[in-house]
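S.K.: Before I ask anything, here is the structure I am working with.
What follows is calculated from the coordinates using simple rules that are stated; it is not laboratory data. Fair warning: this is a prediction, and the values are worked out from it, not measured in the lab. Methodologically, a virtual Cβ is constructed for each residue, glycine included, from the backbone with ideal geometry; neighbour enumeration extends over all protein chains shown.
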Amino acid sequence: MEASEQGLAGLPPVGSRVVVRHRLPAPDPRTGATLTDVVGDLVHADRDRLVVLTRRGEVTVAPHTVTAVKEIPPAPARRGAPHRALSAADLQRVMVGAWPAAESEQLGGWVLRASGGFTQRANSVMTAGDPGLPLARAVDAVERWYDARGLPPALTVAGPVGSDVAADPLGALLLDRGYARRVPTTTMTAAVDAVLASTAASDPPEVRCSPALDEAWLAAFTQYRHAPLGPARAVLTGSPEQVFASVEQADGAVLAVGRLGVASAWGGVAAMWVAPAARRRGLATAVLGALAAQARRRRVRSLHLQTDTDNAAAQALYRRHGFTPHHDYVTLRRA
């Protein structure tokens, strides 16, 4: 994204991994280059300076010298394909921007999220990282924050596929406090190219894709889940980029929908739904393929999505199209 002379337009949030291109005060004496790149985590940003934490330490850049800034994925934590190489904690952080809350606040490395009760993810705490407080005090702060908003406090605890949340220190603390756990959610990932290859069809149904949320898409979405309009619009349109896909019949009735949220150079697939009368006709596959194509156009290589472990049909669909389990997380809510 381009920089303006008054500052940075659309600067990624502090904590993002970025590439910052900026002008040198004088041409490099060896190469003659007038621009250079800084790669690392954005740890501070204001009108006077940007601070990027690189492998060699902090680098300060004057905003007026910046020509472009781009958000990039976290550094790989292990070997393997890009969609498998991130740690569970890093992928948890990546996913925040693909389904953003209407309101959020940092507590150290945690992200407190509230959206008027619209969806579990947008009304829970992403707990990857250090909250900067002892766990009991951090949970106290979380409870005060949600109480002030009239919402029940909820926290997500991530771990390997099939792990027991009670074995996690935070999970154990919450269970001791009487929090109720819901069914685990599996985070699945896939390479964009693999999804495109598996969803290709000789005569696919037409899928309409738009960066704008329209009333027909939203009306279809609300057929399968409660969606207060204010919070729902804030979440659905709050990513750095989003695409809304739909399949319509001749009279304009929406038969299937899906959404792609692009953040941290990943694509998040969500809001997948097919009308009951239109199922088993390949519409979900067509929507998934269209969203993967939109991701490729944006030079996104990897996709993530979340399904509950008891949703066998959804997991089978996504496995068929190249998705594999990456990690699980459990949401614990105060009863």
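S.K.: Show the residues, 5+ positions off or on another chain, whose built amide H is closer than 5 Å to the amide H of Leu107.
M.R.: Counting only residues 5 or more places away or on other chains, the set is Leu112.
S.K.: Here's a follow-up. Through the Karplus equation 6.51 cos²θ - 1.76 cosθ + 1.60, θ set to phi - 60°, convert the phi angles of segment 201-206 into ³J(HN,Hα) values in whole Hz; use x for Gly and Pro.
M.R.: Result, ordered by residue: 9, 6, 9, x, x, 6 Hz.
S.K.: Taking amide H positions as placed in the peptide plane 1.01 Å from N, state which residues far from His327 in sequence (5 or more) or on other chains have amide H under 5 Å from it.
M.R.: Amide H neighbours of His327, under 5 Å, 5+ apart: Thr187.
S.K.: Could I ask something else about it? Among the complete DSSP H segments of the chain, which ones combine at least 20 Å of alpha-carbon extent along their axis with a mean Kyte-Doolittle hydropathy of -1.0 or more?
M.R.: Long hydrophobic helices here: 283-297.
S.K.: Rounded, prolate or oblate: pick one for segment 88-184, where a ≥ b ≥ c are the square roots of the eigenvalues of its C-alpha gyration tensor, a/c under 1.5 means rounded, and failing that, prolate if a/b is larger than b/c, else oblate.
M.R.: rounded
S.K.: Something else: If one computes P(r) from the Cα atoms of the chain, what percent of pairs lie at distances over 26 Å?
M.R.: 52
S.K.: What is the sum of charges around Leu112, taking Lys and Arg as +1, Asp and Glu as -1, for the other residues whose C-beta is under 11 Å from the C-beta of Leu112?
M.R.: 0
S.K.: Turning to a different aspect of this structure: So if I place +1 on the C-beta of Lys and Arg and -1 on the C-beta of Asp and Glu, and nothing else carries charge, what would the dipole magnitude of the chain be about its Cα centre? I want it in debye, nearest 20.
M.R.: 600
S.K.: Going by average Cβ density within 10 Å per residue, which order do the peptides 222-229, 171-178, 108-115 take, highest to lowest?
M.R.: 108-115, 171-178, 222-229
S.K.: Now a separate question. Mind jotting down the distance between the C-alpha centroids of segment 164-181 and segment 260-335, whole Å?
M.R.: Cα centres, segment 260-335 to segment 164-181: 28 Å.
S.K.: Related question: Which of the listed residues, Ala253, Leu151, Val269, is farthest toward the dipole's positive end in the chain, when Lys, Arg count +1 and Asp, Glu count -1 at the beta-carbon?
M.R.: Val269
S.K.: Could you give the Stokes-Einstein D for segment 145-225 in µm² per second, using the C-alpha Kirkwood radius, 10 °C, 1.306 mPa s?
M.R.: After rounding, the answer is 90 µm²/s.
S.K.: Shape verdict for segment 32-106, please, from the Cα gyration tensor: rounded (a/c under 1.5), prolate (a/b greater than b/c) or oblate.
M.R.: Verdict is oblate for segment 32-106.
S.K.: Here is a follow-up. Compute, for segment 188-326, the length of the dipole vector about the Cα centre, with Cβ point charges of +1 (Lys, Arg) and -1 (Asp, Glu) only. Units Debye, rounded to 20.
M.R.: 340
S.K.: Could you estimate the translational diffusion coefficient of segment 3-71 from the Stokes-Einstein equation, with Rh from the Kirkwood formula over C-alpha pairs, at 20 °C and 1.002 mPa s, in whole µm²/s?
M.R.: Answer, rounded: 177 µm²/s.
S.K.: Decide, for segment 188-326, between rounded, prolate and oblate: order the square roots of the alpha carbon gyration tensor eigenvalues as a ≥ b ≥ c, take rounded if a/c falls under 1.5, and otherwise choose prolate if a/b is larger than b/c, else oblate.
M.R.: rounded
S.K.: Per-residue ellipticity at 222 nm for the chain, helices alone: DSSP H runs ≥ 4 residues times -39500 (n - 2.57), over residue total, nearest 500 deg cm²/dmol?
M.R.: -7000 deg cm²/dmol
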